[in-house]
Amino acid sequence: MVKIVLISTYEMGRQPFGLASPAAWLRQRGHQVACLDPSREALNECTVREAGLIAFYAPMHTATRLILQLLEPLRRMNPQAHFCAYGLYATLTAESFAAHGVKSLFGGEFEQALVDLAERLSAPPAAPSLDSLDSNVSLARLHFQTPDRDGLPPLRSYAHLVLPDGEHRVVGYTEASRGCKHLCRHCPIVPVYNGVFRIVDREVVLADIRQQVAAGAQHITFGDPDFFNGVGHAIHLVEALHREFPQLTYDVTIKVEHLLKHADLLPTLRATGCLFIISAVESLEDATLQKLQKNHTRADFFRVVDVCRRAAITLQPTFVPFTPWTTLAQYLDLLEQLRRLELIEAAAPIQLGIRLLIPPSSKLFELEEIRKLVGPFDPQALVYPWKNPDARMDTLAEEVQGIVAASEKLKRGRAATFQRIWHAASLAAGNSAEESALPLLASRATVPYLNEPWYC
């Protein structure tokens, strides 16, 4: 059997599910598997040097850039190992990985592909050569196994839940489904799954949560792209979870359109321990929402704010506020609406500085204006670069990102950070310092949130 090292460079402050799931499959078949998370621990050089297979989990853009930085140092440690990448960005950025000597790339449902690769590497020398690039996306229906979290850093090493009274809770993470039914143009899930989603068996999800509760978890993040893609599955799951662990709380991600369609189920979420719902609002401009194929409108977002408040569940909206179409007036309007709706505390400051990413295979290329706008692919940034027609917007985006980074370092509160962003945007629009002063509305009570900001 081959010795395997699974590496996750970044999973948004969570204990890496992308290591625990394939580790279960590989260990069941007798392989020796080590899981490394360099975001929380030093790389074990001895383990790397002994590996026959080194596989990186690439679920998102930031993680992938970190992997590419790590590849050459690890190759120097172990030039004989077979290097592999799996996850959404593995096949999306196939050319970049191949250029760095990665030989196997698996998108979609990757566990079986990793097992098959390990078996081939374990076979006698007469087995087929693995020198050529092996890249594939599988959407097969897998019989999921309970993730094996042995050897991962403890849950307390990762992001914590912060409650309004200042209490911190240890957070676990699991997934009840994969893929997504929807076709939002900017989403990296779409080029891989193209509207397909897969349910994880309820008992597998519950077993994963049980082991995390035993390890100290007091709150669970469900990482499904949309928890209501399979709404019946989701509701039965949280009801069963609440019966078994009535004190356990959780959070989920749900689209605006699903929150409106299934508003009657929000009280059930609340009654079973849901503290907050993350929703990818992206923009408050209907024209932009149409370009992104979000299937909701500005008015829908306002309705969802009200629906969630009536259900006593915190709504945490996320945004892509800097797009090729964003104007200064629209950005200021976004800030004003967050202030008016008293959502300043609910929106993580980083959400006010995100620029639209256009990776390879993006569905945004369906838009002729995008095809004409972007520059040549940037292999370092892993995106097709673009500029806003108003240069002030690109300058403001950099300034906002700087404000957010400084605020994180100085541990400023969200309201104080928002005030600085408001001031910067107002000055960019040509307002005087006096006009740029922000008369903050009285904030609602501090909302529950995870204490590690995340990036795409």
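The values are calculated or read from the model by the stated rules, or taken from the named source; none is laboratory data. Given the structure is predicted, the values throughout are model-derived calculations rather than measurements. Backbone-built Cβ (ideal geometry, glycine too); neighbour counts: all protein chains shown. Only protein heavy atoms, including side chains, enter the accessible area calculation; ligands, DNA and RNA are left aside. Shrake-Rupley method; radii C 1.70, N 1.55, O 1.52, S 1.80 Å.
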Stokes-Einstein D for the range 341-402 (37 °C, 0.692 mPa s, Kirkwood Rh from Cα pairs), in µm²/s, comes to 244 µm²/s
Per residue convex hull volume, Cα only, the range 112-269, in Å³ is 165 Å³
Under the rule rounded for a/c under 1.5, else prolate if a/b exceeds b/c, else oblate, using alpha carbon gyration tensor axes a ≥ b ≥ c, the range 1-74 is classed as oblate
Length gained if CYS46 through ALA416 is fully extended, taking 0.36 nm per residue and subtracting the Cα-Cα distance, is 128.6 nm
Quick one: what are the phi-derived ³J(HN,Hα) couplings along the range 76-91, Karplus 6.51/-1.76/1.60 with θ = phi - 60°, whole Hz, x for glycine and proline?
-> 5, 5, 9, x, 8, 5, 8, 9, 9, 9, 9, x, 3, 7, 4, 8
Each residue of the range 329-334 in turn: what ³J(HN,Hα) in whole Hz from Karplus with 6.51, -1.76, 1.60 and θ = phi - 60°, glycine and Pro shown as x?
-> 4, 5, 5, 5, 5, 4
Between ASP150 and GLU95, with labels modelled 7 Å along Cα→Cβ, what's the label distance in nm to one decimal, could you check?
-> 4.3 nm
Taking the highest mean first, how do the peptides 65-76, 304-315, 3-14 order by number of other beta carbon atoms within 10 angstrom per residue?
-> 3-14, 304-315, 65-76
Inter-part distance where the range 324-398 and the range 244-285 are each reduced to a Cα centre, Å = 26 Å
Enumerate lysine pairs in the chain that are 8 or more residues apart or on different chains, then count those whose Cα atoms are under 13 Å apart.
-> 6
On Cα atoms only, tilt of 111-122 relative to the major axis of the chain in degrees | 30 degrees
May I ask you to order 291-298, 370-377 by the average number of other C-beta atoms within 10 Å around their residues, highest value first?
-> 291-298, 370-377
Gain upon complete extension [ARG371, ALA406; 0.36 nm per residue less C-alpha separation] = 9.1 nm
Could you give the nm distance between label points at THR446 and GLU336, where each point is 7 Å from its Cα heading toward the beta carbon?
-> 3.1 nm
Burial order of peptide ranges 172-184, 86-98 (average beta-carbon count within 10 Å, highest first) | 86-98, 172-184
With the 1.4 Å probe rolled over protein heavy atoms, the chain has an accessible area per residue in Å² of 41 Å²
Rounded to the nearest 5, the percent of antiparallel DSSP beta bridges in the range 156-304 equals 35 percent
HN-Hα J couplings of the range 189-197 from phi, Karplus 6.51/-1.76/1.60, θ = phi - 60°, integer Hz, Gly and Pro as x?
-> 5, 5, x, 8, 9, 6, x, 8, 9
Nearest 0.05, what FRET efficiency do ARG202 and ALA299 give at R0 = 30 Å with Cβ-Cβ as r?
-> 0.25
So if R0 is 41 Å, what FRET efficiency would ALA391 and LEU260 give, r being the distance between their Cβ atoms, rounded to the nearest 0.05?
-> 0.65
For HIS423 and GLN69, FRET efficiency with R0 = 30 Å and r from the beta-carbon atoms, rounded to 0.05?
-> 0.30
State, to one decimal in nm, how far the label point of SER361 lies from the label point of LEU133, with both points 7 Å from Cα in the Cβ direction.
-> 1.2 nm
Taking the reciprocal of mean 1/r across every pair of different Cα atoms in the range 205-359, the Kirkwood radius in Å is 16.5 Å
